[in-house]
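Novice: Input: one structure, supplied below.
The values are calculated or read from the model by the stated rules, or taken from the named source; none is laboratory data. Note that the structure is a prediction, hence the values are computed from the model and not measured. Here Cβ is always computed from backbone atoms with ideal geometry, including for glycine, and neighbour counts include all displayed protein chains.
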Amino acid sequence: MSLPAELLAEIERAFPADFLSVEPADLAAYGRDWTRIHPPAPGAIAFPRTTDEVSRLLALCARHRAPVVPSGGRTGLAAGAVAARGELVLSMGRMRRMDPVDEDGLTVRVQAGAVTEAVHHHVRPLGLSWPVDFASKGSSQVGGNIATNAGGVRVIRYGLTRQWVLGLEVVLASGAVLELNGALEKNNTGFDLRQLFIGSEGTLGVITEATLKLARLPTRTDVFLFAVPDLAGVLRLFRAARRGPFALAAFELFTDRCLARVQRHRSLRNPLGTPATHYVLVEAEAGEPDALEAWVASLLEEGLATDGTLAQSAAQAAELWALREGISESLTATGFPHKNDIALPVAGLEAFCGELEAEFGREYPGWEICLFGHIGDGNLHVNVMKPDDLTIEAFKDRTAAADRHLFALVRRHRGSISAEHGIGLLKKPYLAYSRAPEELTLLRAIKQTLDPLGILNPGKILD
């Protein structure tokens, strides 16, 4: 597939000289995301600066029936931003405007290309936060966060991205511009169209601007790292944390195999003296020092943790978080991981995890499994590392077969095959494990209504 020459000529005439690129380096960089599985092969890259430019570009693409792949920070892990069939990549990287904060309404309007961490820095001097946070915040963009309904490390406290988006500006495949909900907290006027586009992975429209809801920064946060003897112990510790004398902001699990990979890649120090197979990072808000000390002492006395440490400064807290947030990058840097991102009802985690360990033993005897995740919201990241004696193709064949067993187990426990990574290309063959046939029929009908020509992110989520 290649883009029509007439389309490229029209774009060159109608837009600034630096709007379009066909440079090989740009095609390679903007045609892929962090999955790095499908070779990038876009036809061209467009770099708009305004919603009007996006609108006029999509109207042109609709007229030529040219496929378009919206692209943000490209930090996704489901191949949702991959352009592998000659598509036009629509990069939001130049749309980074951030408006002044509305301190009365606690909102801020930003363009879709604003980097997540830049939004944090923009609002922090006012004692505010956009509490959408994850390891890729330095690269990910707000439009991508919204288009994938990103999760992250503090979902247990603040919820998913959709909880922190009041309004959207969206361009449809036809070029029509929708302004949805503005900065309204309350707007009970029928269907909330805004929610259709949150989590739609760019298949229904292109998000160009968003009005974000902000929260007050917590007055006090404390970060702990605990060593725990086994996975069942992690879940016992979670129940104790739920009842702790604080607001639980994060509860993150990782295994010794994850820690070893992070230490190998980043040369970080394990602050605990007692070796363990499982580690838990806890972030607590608004806890009183005496109550926190008593709580930690009770964990050690009751055997819920075999060792633990409390960060004594912001720098130490960052060091503890680096052990957890560096895992995904370190797995890729030190090996070839097969990643799965699953979610279970929190109440069913213990039963599921027992069966999961048995599943690993059957499907991957002797293989290295790196398990981490956001236990507090039921999200597990299951990473199988390629053995040295297997080719990449043989490894992919083996993990694809094992995935079906894993997803069948997830379905039996009423979970999701994708907690936060999305569907994209990678999970599309397995979507029916989590969505009923009637749901899939509705999803296809919505796609047909909003993108009748099928030009927006074609092949993602649904065929």
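Novice: Residues that are assigned to a loop (DSSP other than H, G, I, E, B), surrounded by fewer than 18 Cβ atoms within 10 Å (Cβ to Cβ) and among the polar types (S, T, N, Q): does the range 271-279 have at least one?
Specialist: Yes, the range 271-279 contains a residue that is assigned to a loop (DSSP other than H, G, I, E, B), surrounded by fewer than 18 Cβ atoms within 10 Å (Cβ to Cβ) and among the polar types (S, T, N, Q).
Novice: If you check G308 against the conditions, is it small (G, A, S) and in a loop (DSSP other than H, G, I, E, B)?
Specialist: For G308, the condition - small (G, A, S) and in a loop (DSSP other than H, G, I, E, B) - is not met.
Novice: Would you please list the contacts, defined by Cβ atoms under 8 Å and residues six or more apart or on different chains, that run from a residue in the range 1-27 that is farther than 22 Å from D52 by Cβ and at pLDDT below 95 to a residue that is in a helix (DSSP H, G or I) and not hydrophobic (A, V, I, L, M, F, W, C)?
Specialist: Cβ pairs passing all conditions: P4/H64.
Novice: Which of the residues spanning the range 188-239 are in contact with a Gly (Cβ under 9 Å, 6 or more places away or on another chain), free of Cβ contacts under 8 Å to residues at least 40 places away in the same chain and part of a loop (DSSP other than H, G, I, E, B)?
Specialist: Scanning the range 188-239 gives no hits.
Rundown of residues vs (1) more than 22 Å from T332 (Cβ to Cβ); (2) part of a helix (DSSP H, G or I); (3) touching an Asp or Glu at 6+ places or on another chain (Cβ under 8 Å); (4) of a type in the set (S, T, N, Q), yes/no style:
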| position | (1), (2), (3), (4) |
| --- | --- |
| N383 | no, no, no, yes |
| E393 | no, yes, no, no |
| G422 | no, no, yes, no |
| R444 | yes, yes, no, no |
| P452 | yes, no, no, no |
| G459 | yes, no, no, no |
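Novice: Take the range 126-174 and flag every residue that is part of a helix (DSSP H, G or I), over 27 Å from V69 (Cα atoms) and modelled with pLDDT of 95 or more.
Specialist: Of everything in the range 126-174, just one residue is part of a helix (DSSP H, G or I), over 27 Å from V69 (Cα atoms) and modelled with pLDDT of 95 or more, namely L126.
Novice: Another question about this same structure. Contact list please: Cβ distance under 8 Å, first residue in the range 384-404 and assigned by TED's automatic domain parsing to the domain that holds D341 and touching a residue at least 60 places away in the same chain (Cβ under 8 Å), second residue polar (S, T, N, Q) and surrounded by 12 or more Cβ atoms within 10 Å (Cβ to Cβ), pairs at least six apart or on different chains.
Specialist: D403/N340
Novice: Shifting gears a bit: Taking into account only those residues within the range 284-316 that are among the aliphatic types (A, V, I, L, M) and closer than 16 Å to A227 by Cα, which is surrounded by the most Cβ atoms within 10 Å (Cβ to Cβ)?
Specialist: The qualifying residue surrounded by the most Cβ atoms within 10 Å (Cβ to Cβ) is A305.
Novice: Just checking, how many residues over the range 148-165 are surrounded by fewer than 22 Cβ atoms within 10 Å (Cβ to Cβ) and touching a Ser or Thr at 6+ places or on another chain (Cβ under 8 Å)?
Specialist: 1
Novice: Another question, then. Which residues, counting only those in the range 1-39, are touching a Lys or Arg at 6+ places or on another chain (Cβ under 6 Å) and surrounded by fewer than 18 Cβ atoms within 10 Å (Cβ to Cβ)?
Specialist: M1
Novice: Further question: Six or more apart or on different chains, Cβ under 7 Å: which pairs go from a residue in the range 351-364 that's on the phi > 0 side of the Ramachandran plot and in contact (Cβ under 8 Å) with a residue 60 or more places away in the chain to one that's of a type in the set (A, V, I, L, M, F, W, C) and in a loop (DSSP other than H, G, I, E, B)? Could you list them?
Specialist: none
Novice: Give the residues of the range 332-351 that are within 23 Å of R157 (Cα to Cα) and modelled with pLDDT under 90, sorted by residue number.
Specialist: Within the range 332-351, V346, A347, G348, L349, E350 meet the criteria.
Novice: Still on this structure, I have one more. Say whether the condition of being hydroxyl-bearing (S, T, Y), under 30 Å from I146 (Cβ atoms) and more than 22 Å from the chain's Cα centre (by Cα) is met by at least one residue in the range 406-425.
Specialist: Start the filter on the range 406-425 by keeping residues that are hydroxyl-bearing (S, T, Y), which leaves 416, 418.
Now drop any that are not under 30 Å from I146 (Cβ atoms), which leaves 416, 418.
Checking the rest, the ones that are also more than 22 Å from the chain's Cα centre (by Cα) come to none.
No, there is no match, as no residue in the range 406-425 is hydroxyl-bearing (S, T, Y), under 30 Å from I146 (Cβ atoms) and more than 22 Å from the chain's Cα centre (by Cα).
Novice: Which of the residues belonging to the range 64-86 are of a type in the set (D, E, K, R) and out of contact with any helix residue (DSSP H, G or I) (no Cβ under 8 Å at 6 or more places or on another chain)? Show your work before the answer.
Specialist: Of the residues in the range 64-86, the ones of a type in the set (D, E, K, R) are 65, 74, 85.
Within the range 64-86, R65, R85 meet the criteria.
Novice: Being within 30 Å of A46 (Cβ to Cβ), surrounded by 18 or more Cβ atoms within 10 Å (Cβ to Cβ), acidic (D, E) and modelled with pLDDT of 95 or more narrows it down to one of E179, E201, so name that one.
Specialist: E201
Novice: In the range 28-61, what residues are in contact with a Gly (Cβ under 7 Å, 6 or more places away or on another chain), within 15 Å of G202 (Cα to Cα) and modelled with pLDDT of 95 or more?
Specialist: Once the filter is applied, which keeps residues that are in contact with a Gly (Cβ under 7 Å, 6 or more places away or on another chain), within 15 Å of G202 (Cα to Cα) and modelled with pLDDT of 95 or more, the range 28-61 yields S55, L58.
Novice: Looking at this structure, is G152 outside the structural domain of G72 (by TED's automatic domain parsing), of a type in the set (G, A, S) and more than 14 Å from G73 (Cα to Cα)?
Specialist: yes
Novice: For the range 381-395, how many residues are surrounded by 17 or more Cβ atoms within 10 Å (Cβ to Cβ) and in contact with a helix residue (DSSP H, G or I) (Cβ under 8 Å, 6 or more places away or on another chain)?
Specialist: Of the range 381-395, the ones surrounded by 17 or more Cβ atoms within 10 Å (Cβ to Cβ) are 381-386, 395.
Restricting the remaining residues to those that are in contact with a helix residue (DSSP H, G or I) (Cβ under 8 Å, 6 or more places away or on another chain) gives 381-386.
Adding up the residues that qualify gives 6.
Novice: Checking G73 against (1) in contact with an Asp or Glu (Cβ under 7 Å, 6 or more places away or on another chain); (2) within 28 Å of A118 (Cα to Cα); (3) crowded, with 21+ Cβ neighbours inside 10 Å, which test does it fail?
Specialist: Among (1) in contact with an Asp or Glu (Cβ under 7 Å, 6 or more places away or on another chain); (2) within 28 Å of A118 (Cα to Cα); (3) crowded, with 21+ Cβ neighbours inside 10 Å, G73 violates only (1).
Novice: Which ones in the range 266-283 are over 16 Å from V228 (Cβ atoms) and at pLDDT 95 or above?
Specialist: E283
Novice: Still on this model: Picking from L323, L356, L292, L331, which residue would you name as being part of a helix (DSSP H, G or I), in contact with a Pro (Cβ under 9 Å, 6 or more places away or on another chain) and farther than 29 Å from P218 by Cβ?
Specialist: Checking each option against the conditions leaves just L331.
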